[in-house]
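Scroll down for the structure; my scribbles are underneath it.
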Amino acid sequence: MKIYGDLISPFVRSCLVTAHELGLASRIQHVKAGAKPTEENPQLTRLGALGRIPILETDHGHAIFDSRVIIEYLCHISGNSDLIPDDGVKRFRVLTLQALAMGLGDTAVAVRYETAARPQGLQWKEWLDRQRARMLSAATDMDKNWSAELTQVNAGSIAAAVVLAYIDFRMPETAWREGRPNLAAFHERFSARPSMQATKLG
Ligand SMILES: N[C@@H](CCC(=O)N[C@@H](CS)C(=O)NCC(=O)O)C(=O)O
């Protein structure tokens with residue numbers, strides 16, 4: 001199977017980290033494909049109308065997206081129920097942490113587009129302020145309320161580690177560690193995992 005996308009995308013990297021954690025990495029070909037906010041990439045829209053990354057192409061030629069569905073697919077084909085547990089309480093805690101982290105990722109990517117891609121003079125300061133405040137609120141929530149889930153390897157902790165690394169890479173001025181010792185310690189510990197090292201940015 002193939003995963004299309006650029007590793008810098010936190011959504012692409014989350015899928016690849018998941019593949020490593022599941023022992024599936026050798027079965028996946030990573031096809032480098034970029035998605036710009038103002039340009040269609042026909043290689044991507046051939047597979048999925050939205051033309052966003054990541055897209056997974058199965059060995060049967062079916063396209064699967066978005067990242068959360070790809071992650072669920074990878075868990076499904078490997079018969080793994082640790083990354084997304086079956087047990088109801090655990091399952092929805094993990095999926096909600098994943099939604100929190102991916103929501104932080106959506107916000108960070110939107111801020112990146114607004115600051116790096118949108119022409120100067122057209123940028124919307126109040127909107128940027130709100131997105132930056134939202135990013136810090138999400139980090140505070142992770143620091144305070146998710147320590148049990150963040151000590152495990154699951155779909156939520158993978159997304160959290162990857163999205164925080166994206167923020168460090170793209171917007172290092174974001175002081176998300178300040179006053180958030182639990183999250184900072186989580187990130188340092190998780191970043192040392194072989195799955196993170198094998199998909200390192202930069
Ligand atoms: N919810 C999607 C988000 C994917 C996404 O926003 N990808 C970005 C790259 S980080 C993209 O394709 N941007 C190009 C565009 O939106 O036109 C997922 O989880 O896969």
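The values are calculated or read from the model by the stated rules, or taken from the named source; none is laboratory data. Nothing here was measured: the structure is a model prediction, and the numbers come from that model. Positions of Cβ are backbone-derived with ideal geometry, glycine not excepted, and every protein chain shown enters the neighbour counts.
Observations on the model:
- When Arg27, Arg68 are screened for being more than 15 Å from the ligand (Cβ to nearest atom), more than 22 Å from Gly202 (Cβ to Cβ) and not assigned by TED's automatic domain parsing to the domain that holds Leu164, only Arg27 passes.
- All positions within region 70-125 that are surrounded by fewer than 17 Cβ atoms within 10 Å (Cβ to Cβ), under 24 Å from His20 (Cβ atoms) and in contact with a Pro (Cβ under 8 Å, 6 or more places away or on another chain): Arg91
- Residue tally, condition within 18 Å of Arg13 (Cβ to Cβ) and in contact (Cβ under 8 Å) with a residue 40 or more places away in the chain, over region 165-182: 8
- Count of region 1-13 residues, restricted to those that are in a helix (DSSP H, G or I) and either more than 16 Å from Gln98 (Cβ to Cβ) or within 8 Å of the ligand (Cβ to nearest atom) (or both), is 3.
- Taking region 118-164 as the range and being β-branched (Val, Ile, Thr) and closer than 22 Å to Arg13 by Cα as the test, the residues that pass are Thr151, Val153, Ile158, Val162, Val163.
- Once region 16-57 is narrowed to residues that are part of a helix (DSSP H, G or I) and in contact with a strand residue (DSSP E or B) (Cβ under 8 Å, 6 or more places away or on another chain), the residue that is nearest to Glu114 (Cα to Cα) is Leu44.
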